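Some notes on the structure that comes next.
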Amino acid sequence: MKPEEYWAKRMEALNEAMLAKGEEYIRKQNEEYEKALARIRAQTERWYARLAKNNDISLAEARKLLDKNELKEFHWTVEEYIQRGRENAVDQRWMKELENVSAKVHITRLQELETHLRQQIELLAAKKQKGAAETLGGVYKDSYYKSVYELQKGTGVGSSFAKLDDRQIDKVLSKPWAPDGSNFSARIWADRTKLVNELQTILTQDLIRGEPAEKVIADFAERMNVSKHAAARLIRTEAAYFSGQSRLDAYREMGVERYKFVATLDMRTSEICRGMDGKVFLIGDAKPGVNYPPLHVFCRSTTIPYYEDAAAGERAAKDDEGKTYMVPGDMTYKEWAAKHAPEAKDTPKSVEPKPVITPETRPASVGEPPPVGNGMRRYNPKASYYIELPGISDDVLEIVAETNRRIAKEGYKESREILVAINNETGEIISELRGSIDEVVFNEKLDEILRSAAASSVIITHNHPKGTRINVKDIRNLSVYQSLSHIVAVGHDGGISAVGSAGNWVDIVAFNTLFRRIIETVNARLESDEEYATMSVAEQRAYFEYLVLQEIVDELGWVYVEDFTVSRTGNWGIR
């Protein structure tokens, strides 16, 4: 039997080779982002050059209809977009929207530019989808066969093993593994939706402020850069997952019963991987993110097969300059740090904390904006977490209150948001999802439940770790799903707020149109508000969001309720 030194060298080298495949694709993906931004920049500059006066376009001007010649040219462009969409496997929902747009005779200038923006993001998403699937499929396939090879070579035993075909690889790639129930494909489409909405919001807000083309393009570039980094994180994490998963599947095929967790021995190793280094687990107990890599974004840890009769040998470590030296094979990270890097007992600042990745699987999610200077609120055991929801029985309200208490307590312990969907007649919990510290995204199962449920039959409650009120992002779900009667947001410290539709349902298109108009109205109102100007950034953000939400609720005939009497959150800038 080969010593652990052999397994460590071979499996670490294999893992690094697979992660390198991910890095190679990220470089190509970044090029696609740059190309998309260049096209967006050119289209925006042309739009401004055609319409701007003194490099300024008002929102009123942008909302004027295209003239006959402009409309004709726009329709030609849309036809080109449809053709490119067919060639690049663009989402069929966008293709249908393009077909509808191509038949319209009334198009505003703003809609024209929004269509150009959306097309570039849709093309980018389609290319990301195809490239990611090919890259991650390649990682899984290569790592699986090479792991089998290394296991047979190291044990000196050759045996038959399962061969992979495209159908099996597609099944592995489509299987969700993160806590939110999303796979990488859903995350890519979700980021597409999020990016489109944010670019359109940026455009509207910049037009309200009368920003020149340079500022609009700079704002676009900033948001594109955020999306680019998120896409890179996704590929790194998924490459680490499929590299590890293929190795685990190879272990099963070759009859390996246990594995040992192996962390990289250097100063950049995360605290969670340090604690796992050297631990041995049964193959059947392996769980990614818990006791099997990846444990976090940018995780470099790997595993080796564990055989009780294998000698320890030596394993590699790296010094501050990245040079490799050898240490005893059975030396754990804790023992290595004590001897070679005493300062490594502190958590490395360059390593991100363990996240839960929660990109949207539908254009629906609940979440909490990150107010400046405000951390997560402590759980308040003295709070009732009870709120009166119009039209809901006392028995169900007690169930909602008990659920609110539980998710506030668990959310505080786990530093995450938790969403629970409840039947508002029986009090039955019909779905529960866990997300990150500031967002829970609806997965496909919840989406199907909400789309098939009866109108106004479901309450969704979720916790806001930072204690902020329910927001527009939360309540827009009342327009996405007609089955929702109420959305509740509960702060860890006992503050609670909710919005109910009161049976007045409007679709998401109407909601978004109203939302944009109200943003303009509130923005204009606050421009001359001297007290608003003296608020902190966090207070301004909360107050603006609160006013917009109240305007939406009033116009749609919805109902807003809250109780912040026991909350330390206070008014959050609300007057």
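Coordinate-derived values only; no laboratory data. Since the model is a prediction, treat every value here as computed from it, not as a measurement. All Cβ positions, even for glycine, are placed from backbone atoms using ideal geometry, and neighbour counts span all protein chains on display.
Under the classification rounded if a/c is under 1.5, otherwise prolate if a/b is larger than b/c and oblate if not, where does the range 13-239 fall, given a ≥ b ≥ c as square roots of the Cα gyration tensor eigenvalues? Since a/c reaches 1.5 and a/b is larger than b/c, the shape of the range 13-239 is classed as prolate. Report, in whole Å, the centroid distance computed from the Cα atoms of the range 399-418 and the range 487-533. Spelled out, the Cα-based centre of one part sits 24 Å from the other. Can you give me the C-alpha center-to-center distance between the range 263-288 and the range 73-94, rounded to a whole angstrom? Computed from Cα coordinates, the inter-centre distance equals 47 Å. Placing +1 on the Cβ of every Lys and Arg and -1 on the Cβ of every Asp and Glu, with no other charges, gives the range 218-291 a dipole of roughly 80 debye about its Cα centre.
Checking the Cα-Cα distances for Lys9/Lys153; Lys64/Lys215; Lys35/Lys171; Lys171/Lys279; Lys9/Lys146 against a 24 Å cut-off, the pairs over it are Lys35/Lys171; Lys171/Lys279. Computed from label points 7 Å out along Cα-Cβ, the spacing between Ala230 and Glu308 is 4.9 nm.
Taking packing as the residue-averaged number of other Cβ atoms within 10 angstrom, the listed peptides 7-15, 33-41, 446-454 run from highest to lowest as 7-15, 33-41, 446-454. Among 479-491, 73-85, the peptide with the highest mean count of other Cβ atoms within 10 Å heads the list, and the full ranking is 479-491, 73-85.
Excluding same-chain neighbours fewer than eight residues apart, the aspartates and glutamates reachable from Lys21 by a Cα-Cα span under 14 Å are Glu134, Asp142, Glu238.
Considering only Ile508, Ile429, Ile418, whose Cα is most displaced toward the positive end of the charge dipole of the range 415-519, charges sitting on Cβ of Lys, Arg (+1) and Asp, Glu (-1)? Value computed over the given set: Ile508. The alpha carbon gyration tensor of the range 473-541 gives principal lengths a ≥ b ≥ c with a/c of 1.5 or higher and a/b no greater than b/c, which makes the shape oblate.
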